[in-house]
Amino acid sequence: MNPNKNKLWQSIAMALAITACFSSCKKDYVYEVTDVKVTQPGGEKTNVKTTTEFISIVYSDLFNTNVPTDTLLYVQQAYDAFGDKKLIEDRIVRHFLNSPAVQIPSDATMRANIPLFVDETIEKFFNRKPDAFENYFISDIIGSNTAITAIMVYYACMTSNEYRYY
Amino acid sequence: MRRREFIKKAGLATAGAFAAPYILPSGRLFAASGIRKVNHVVFCMFAGGVRNFESVDKSLGNLMPHMLLGSETIAPDIAAAIAASQPPAFNLGYNLQTKGTLFKDFRYAKGPTGHFNGHTTAITGAYTTADLNIKDHPHTPTIFELYRKHNSPAQTPRKCWWISNALGPYPALNFSSYAGYGAQFGANFIAPTFMFSNQGYDSIGSLKTFTSAEEAAVNNMRTFMNHNFNKNFVDGDAGVTNTETDAAELQTWINSMFSQYQSGTFNNPWGPGAYNNDMMNIFFAEKVIDQFQPELLVVNMQDVDVAHFNFTNYAVNLNKADLAVAQLWNKIQTTPGMMDDTVMIIAPEHGRNEIGNSSIDANGRAALDHTAALDEVTGDQMAREIFCQVLGPSSVVQQGQVITGVTGESIDIASSIANLLGFDMQMPSGLLRDFNNTGIQQAFL
C-alpha cells in the first residue's frame, strides 16, 4: 500500500472522529423553576379563639391596652346571653368602635399611603403580612372609593372569619 | 264521558286529594304527613324545684290563684310575706285551670334531681341517667332541633326560641351534639335579664352605625377576606346562625329593646310592684312573642329555688311565678296569630324534698333541698313529684280536667310538642317517647 495514501486515510478518519466528538458535545438546555408550595394566607390557622380571647383581643386591638376585668366580665355576660355568636360579635366590635377612646389611624393617614396602611392593618389583625394580591385588592377598594374610612376597614377585618382564628 | 276516561280522572282526583297539602283553618299549608293541632306551642318551665305540697296540694292555701281554682286561705305568715313583696295587681278575668288540664301527680321519674338535669330532660325528652356535662350541649337532640329538622315547612331560628333566666350551663340547651342535628337546627337563645341590663348596654348597646353604602363597602372587603381564608366561622363554634334577613331584624329588635330599657319603659311593665328575675324573664318572653310570634318557645323561671335557704321566700316566689304565667297566657291570647292557636304547657323541672334542711327562716319554716336518691326508690323521693298544666283551645285541649292519679312524666312534654306541631311522625323512631304511649296525651282531645 502507498504510505502517502495510508496517511491520507488516517487524516480523514481523525477528522471524522474529531467532528463526531464535537458534534456529540452539543449542549441541550433545559429550563426549570424552583418548586414553590402555594398556600392560602393564614391557612395555617386552625384554632378558634375562645370567647375570652376574642373579647380581650378586640379590646386591645382597638384601645391598645388590656381589657379591664369588669369590662371583660360584662361583655362576656352579654356574649353568653345570646345564641347567635356572629351577631353578638358584630355588636361587640361595633360597640367598641363607637367609643371615643378607640385608637384608629385617621383617614388622612390611611389615604397618604394606602398600601402601607393595608400592610399594617392586615398584620395587626391577622398577625401576618398580606400577600401582594391582598394588598393590591384592598388598596384598590380603598383607593377607588373615597367614602371608605379607616374605621370601616377595621370593622371589615374584625368581623372576618380569619380574625376568629389563630 | 267514556268509562275509561272517567275512571282515570276519578283516580287522579282521589290521588290528588291524598297527596295535596292540608289547609288548616288558619290558612297555612302543611305537608300531608304532618297534621298540626295548633301552630304555636309555649312551654313554660315553672322551674327552680316546686313541691306539690305548696303548689297543687295547697298545703299553705292557694299560693297560685291564677293557675289553680280554689280560695283556700293562705297561712298568715306567708300571706303577710306575699303582701310585703308587692306583687303587681293583675286580674286575668278567669282561672287558668278552666282553660285546660291539670295533672296533679306528674313525675320526673329518673335521673338526678338537679336543675340542669331537669331542664335537659324536659327539653330533650330523655332522662339524663347516664351522664351530663354541664359544659357540654345535650347528647340527645333538643325539641328545637327536632322541630327545625322535621317540621314542614322548615323554619329558621326566628320562629324557635329558648329564653332562660340564667346563664351558666343553660345557654347550651338550644342545640345538642347529636349526630345529624346540632347548631344548624338549634333555637335562638336569649338570657334577656343579662342582656337588657346596664352592664349589657355598656357592653353591646351603643353601636357604631354605618350607612347602607358603607355597609356594602365593608361587606365587599369582608367577602374578599373571607374568600381568601380557608375556614368559615359558622354553626357550632358560632352557635346558631340566623339568615341575613333575620339577623338584620334581630339587630333592629335588640336596638329597640335597649332603647326601651334606657328610657325606663321596662320599669314596672305590668304595673306598680316589685319584680323578681322570673317576672322579668317572662316579660321579655312577651316581647319576643310581640316581635316574632314563635311557633316553639321555651321559657323558664327559677326564683323559687331560694327554698334552699328561705322557705317563706320560696312561697312568695311561687306566688309571683303564678302571676307571671297568667301574664304570659294573657299575652298569647291577645297576640294576633297566636290567640286560640297556641298550647301552653307548664311544669316544674323537678320537685323538692319532703324533709327540710337545717336552715330555718324568720317564720320558723325549714328550707328545702331536692336530693332524691338515684335508685328512684329509697329515701326521700318527693323531689320527683311535680305537676303539669296544659292550656289551649277547647278544640285541642280538654277543658277544666283534673287528673289526680300518677299520670305523665317530664319526658312526655317533648313528645306532646312534636305531636301538637305535627312533626312527630317525621322523626326517626326512638328519639322521643311515642306520643300514644304518654300519659300527657290525656290532656288532648
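The values are calculated or read from the model by the stated rules, or taken from the named source; none is laboratory data. Predicted model, so just to flag it, every value in this text is computed and none were measured. Backbone-built Cβ (ideal geometry, glycine too); neighbour counts: all protein chains shown.
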Contacts under 7 angstrom Cβ, first residue in segment A:63-92 being at the interface with chain B (Cβ under 7 Å from one of its Cβ atoms), partner in a strand (DSSP E or B) and surrounded by fewer than 18 Cβ atoms within 10 Å (Cβ to Cβ), 6 or more apart: none
Residue satisfying condition, being free of Cβ contacts under 8 Å to residues at least 12 places away in the same chain and assigned by TED's automatic domain parsing to the domain that holds B:Ala383, within set B:Ala179, B:Ala166, B:Ala122: B:Ala179
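For A:Ser99, indicate whether it is under 30 Å from B:Gly205 (Cα atoms), within 13 Å of chain B (Cβ to nearest Cβ) and surrounded by fewer than 18 Cβ atoms within 10 Å (Cβ to Cβ).
Judged against the criteria, A:Ser99 is a match.
For every residue, the table says whether it meets (1) outside the structural domain of B:Ile332 (by TED's automatic domain parsing); (2) more than 18 Å from the chain's Cα centre (by Cα); (3) surrounded by fewer than 20 Cβ atoms within 10 Å (Cβ to Cβ); (4) modelled with pLDDT under 95.
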site: B:Asp237; (1), (2), (3), (4): yes, yes, yes, yes
site: B:Ala248; (1), (2), (3), (4): yes, yes, yes, no
site: B:Trp253; (1), (2), (3), (4): yes, yes, yes, no
site: B:Ser259; (1), (2), (3), (4): yes, yes, yes, no
site: B:Phe284; (1), (2), (3), (4): no, no, no, no
Residue match in segment A:142-154 (condition: in contact with a strand residue (DSSP E or B) (Cβ under 7 Å, 6 or more places away or on another chain), facing chain B (nearest Cβ under 10 Å) and in a loop (DSSP other than H, G, I, E, B)): no
Flag if B:Asn230 is of a type outside the set (Phe, Trp, Tyr) and closer than 28 Å to A:Val48 by Cα: yes
So B:Gly205, is it among the small types (Gly, Ala, Ser) and more than 8 Å from chain A (Cβ to nearest Cβ): no
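For segment B:239-261, name all the residues that are part of a helix (DSSP H, G or I), of a type in the set (Val, Ile, Thr) and at the interface with chain A (Cβ under 10 Å from one of its Cβ atoms).
Passing the criteria: only B:Ile254.
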Pick from segment B:68-104, criterion surrounded by 13 or more Cβ atoms within 10 Å (Cβ to Cβ) and among the aromatic types (Phe, Trp, Tyr), ranking: nearest to B:Val397 (Cα to Cα): B:Phe103
All positions within segment B:145-170 that are touching a strand residue (DSSP E or B) at 6+ places or on another chain (Cβ under 7 Å), crowded, with 21+ Cβ neighbours inside 10 Å and either of a type outside the set (Lys, Arg) or in a loop (DSSP other than H, G, I, E, B) (or both): B:Tyr147, B:Pro157, B:Cys160, B:Trp161, B:Trp162, B:Ile163, B:Ser164, B:Asn165
Residue pairs meeting the criteria (Cβ under 9 Å; at least 6 apart or on separate chains; first under 14 Å from B:Ile82 (Cα atoms), in segment B:295-317; second part of a strand (DSSP E or B) and at pLDDT 95 or above): B:Val304/B:Phe46; B:Phe311/B:Ile360; B:Phe311/B:Ala366; B:Asn317/B:Met301
Check on B:Phe229, within 7 Å of chain A (Cβ to nearest Cβ) and in a loop (DSSP other than H, G, I, E, B): yes
Residues (surrounded by fewer than 18 Cβ atoms within 10 Å (Cβ to Cβ) and not in a loop (DSSP other than H, G, I, E, B)) located in segment B:378-411: B:Gln401, B:Val402
Number of positions in segment A:113-137 that are touching an Asp or Glu at 6+ places or on another chain (Cβ under 7 Å) and free of Cβ contacts under 8 Å to residues at least 12 places away in the same chain: 1
Options B:Phe224, B:Phe210, B:Phe185, B:Phe229: the member that is buried (at least 22 other Cβ atoms within 10 Å of the Cβ), among the hydrophobic types (A, V, I, L, M, F, W, C) and in contact with a helix residue (DSSP H, G or I) (Cβ under 9 Å, 6 or more places away or on another chain): B:Phe185
